[in-house]
Amino acid sequence: MGNYYQPEIETASREQIHQWQSERLINQVKHVWENVPFYKNKMIEAGITPDDIKSVDDLHKLPFITKDDLKDQYPYGLLGKPLSECVRIQSTSGTTGKRVVAFYTQHDIDIWEECCARAIVAAGGTKDDVCHVSYGYGLFTGGAGLNGGSHKVGCLTLPMSSGNTERQIQFMTDLGSTILCCTPSYAAYLGETIQEKGLKDKIKLKAGIFGAEAWTEEMRHDIEEKLGIKAYDIYGLTEISGPGVSFECSEQTGMHVNEDHFIVETINPKTGEVLPIGEKGELVFTCITKEAFPLIRYRTRDIGILSLEPCSCGRTHVKMTKPLGRSDDMLIVKGVNVFPSQIETVLMNKGYPANYQIIVDRVNNSDTIEVQVEMTAEMFSDSVGDISAKEKELVDALKAMLGIYAKVKLVSPKTIARSEGKAVRIIDNRNLYKG
Ligand code: DLL
């Protein structure tokens, strides 16, 4: 049996969970019908009214919502509460072009933090722990979410934010951090640095809560070994609240979805058909307790498998696998969401042909991204100096669009391999979704 933050909820019977979901879904649908004209119109288009939703079994009647809807409704179109009742916004780790802005009431924040508290307690956290939060603070949900969860548990919270590895390690050793929260790639980097400096004996870490990007079982073993800890996965997305939509327990075989707040479905990404539990599909979430940004049937584009197999930790909430891929082409590079279309936009705006390749790799546990672009015939005759200047110009434009550094290499015309079918735009050498 495991440790729980809210035992009566986390181990509730399936019947009880069904009942909560039904009551809350009915209320949520009324809430959006009355307060969000966008939803009312979508429901009218789908030929339904709130009266058609009598239990969670009617969920499939409701229309999906997509990231495009969020973009079209930016910034206030999906607000479920007056701005005067909202106390916070957070945003995706994405970029200018595709940013999503999510709103929270104080009630929304309390629930989100409780979900993160459940994850911390499942990882063995108690009020005697020192919780070292190295997710970014600011618009990104990682820092704020785990910070709030840590407070709720009563841990001594170190709001480190990301970066400055020397200082991270110093605080970790001086203050005796016991739980580390950060991206898995940063955890691996910290592990390596600690090992190099021969400081493994000086750190007191026992557990880590790592998410926001894909990581393999190999990476888990590497981090566990280097830091001498148990490494737990945590999943979430800004649109649905942030980290803590689901979290791993002591069994470390998938993440329990906080089903009293989020209903999860898997669908066939091509047809939208709802799949039975156990079949691989796109994860779709419905927020049943959120007030300010109440997304219903939100298509995440993350691919996963659900399971209701009994779990040795005693939790009854459905488990999802780690995301096994995406149904769109979004990449997560250095924790930042990157869409190839944004890169293409920059190249087109600067007059380059659409022959390019994006090569993503992980070197020393840090992501790298290189964009290879074919020059036009005229550019090809330019001097070496001119070519470097052009590369630099593209680096700057990509930085402005993506928010991260991408290396640029201009190559001779017709050197990027053409394929018969779809162009191969992305080469991701990280093999992140293999296990
Ligand atoms: O990454 C929230 C988060 C912060 C989760 C800290 C966990 C820890 P976004 O920036 O909106 O929010 O990015 C959401 O990141 O759709 C997934 O594709 C990916 N993702 C999140 N957690 C995981 C994970 C945060 N554990 C997008 N494994 C999601 C794999 C993950 N991918």
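The values are calculated or read from the model by the stated rules, or taken from the named source; none is laboratory data. Everything quoted here is computed from the prediction, not taken from an experiment. Backbone-built Cβ (ideal geometry, glycine too); neighbour counts: all protein chains shown.
Structure notes:
- For TYR39, the stated conditions do not hold, so it cannot be described as of a type outside the set (A, V, I, L, M, F, W, C) and free of Cβ contacts under 8 Å to residues at least 24 places away in the same chain.
- Meets criteria (within 19 Å of TYR104 (Cα to Cα) and part of a loop (DSSP other than H, G, I, E, B)) for GLY77: yes
- All conditions in (1) touching a Lys or Arg at 6+ places or on another chain (Cβ under 7 Å); (2) within 12 Å of the ligand (Cβ to nearest atom) hold for THR173, with the sole exception of (2).
- Those residues of the stretch 329-364 which are among the small types (Gly, Ala, Ser) and more than 16 Å from the ligand (Cβ to nearest atom), in sequence order: SER341, GLY351, ALA354
- Test for ALA119: is it within 12 Å of the ligand (Cβ to nearest atom), in contact (Cβ under 8 Å) with a residue 12 or more places away in the chain and not polar (S, T, N, Q): yes
- Close Cβ contacts (under 7 Å, 6 or more residues apart or on different chains) running from residues in the stretch 285-303 that are over 16 Å from GLY242 (Cβ atoms) and in the same structural domain as LEU275 (by TED's automatic domain parsing) to residues that are within 15 Å of the ligand (Cβ to nearest atom) and of a type in the set (Gly, Ala, Ser) comprise ARG301/SER327; ILE303/GLY281; ILE303/GLY325; ILE303/SER327.
- Unmet requirement for SER55, which otherwise passes all of (1) more than 30 Å from LYS230 (Cα to Cα); (2) crowded, with 17+ Cβ neighbours inside 10 Å; (3) without any contact (Cβ under 8 Å) to a residue 60 or more places away in the chain; (4) not charged (D, E, K, R): (2)
- Checked against the criterion of being of a type in the set (Asp, Glu), under 30 Å from LEU402 (Cβ atoms), out of contact with any Phe, Trp or Tyr (no Cβ under 8 Å at 6 or more places or on another chain) and outside any strand (DSSP E or B), the stretch 123-132 has no qualifying residue.
- Taking residues in the stretch 13-28 that are under 15 Å from ASP52 (Cα atoms), and partners anywhere that are exposed (fewer than 14 other Cβ atoms within 10 Å of the Cβ) and modelled with pLDDT of 95 or more, the pairs with Cβ atoms closer than 9 Å and at least 6 places apart or on different chains are SER22/LYS54; SER22/SER55; SER22/ASP57; GLU23/SER55; LEU25/SER55; ILE26/LYS54; ILE26/SER55.
- Identity of the residue in the stretch 176-221, among the aromatic types (Phe, Trp, Tyr) and in contact with a strand residue (DSSP E or B) (Cβ under 7 Å, 6 or more places away or on another chain), that ends up nearest to the ligand (Cβ to nearest atom): PHE210
- Residues of the stretch 286-328 that are among the small types (Gly, Ala, Ser) and within 15 Å of the ligand (Cβ to nearest atom): GLY304, GLY325, SER327.
- Any hit, the stretch 373-396, residues being outside any helix (DSSP H, G or I), touching a strand residue (DSSP E or B) at 6+ places or on another chain (Cβ under 9 Å), touching a residue at least 60 places away in the same chain (Cβ under 8 Å) and at negative phi: no
- Qualifying positions in the stretch 202-222 - at pLDDT below 95 and assigned to a helix (DSSP H, G or I): GLU217, GLU218, MET219, ARG220, HIS221, ASP222
- Within the stretch 223-271, considering residues that are of a type in the set (Asp, Glu) and part of a helix (DSSP H, G or I), the one farthest from the ligand (Cβ to nearest atom): GLU225
- Taken over the stretch 49-68, residues that are more than 28 Å from the chain's Cα centre (by Cα) and of a type in the set (A, V, I, L, M, F, W, C) amount to 1.
- Pick from the stretch 135-161, criterion in a loop (DSSP other than H, G, I, E, B), buried (at least 21 other Cβ atoms within 10 Å of the Cβ) and more than 11 Å from the ligand (Cβ to nearest atom), ranking: farthest from the chain's Cα centre (by Cα): CYS155
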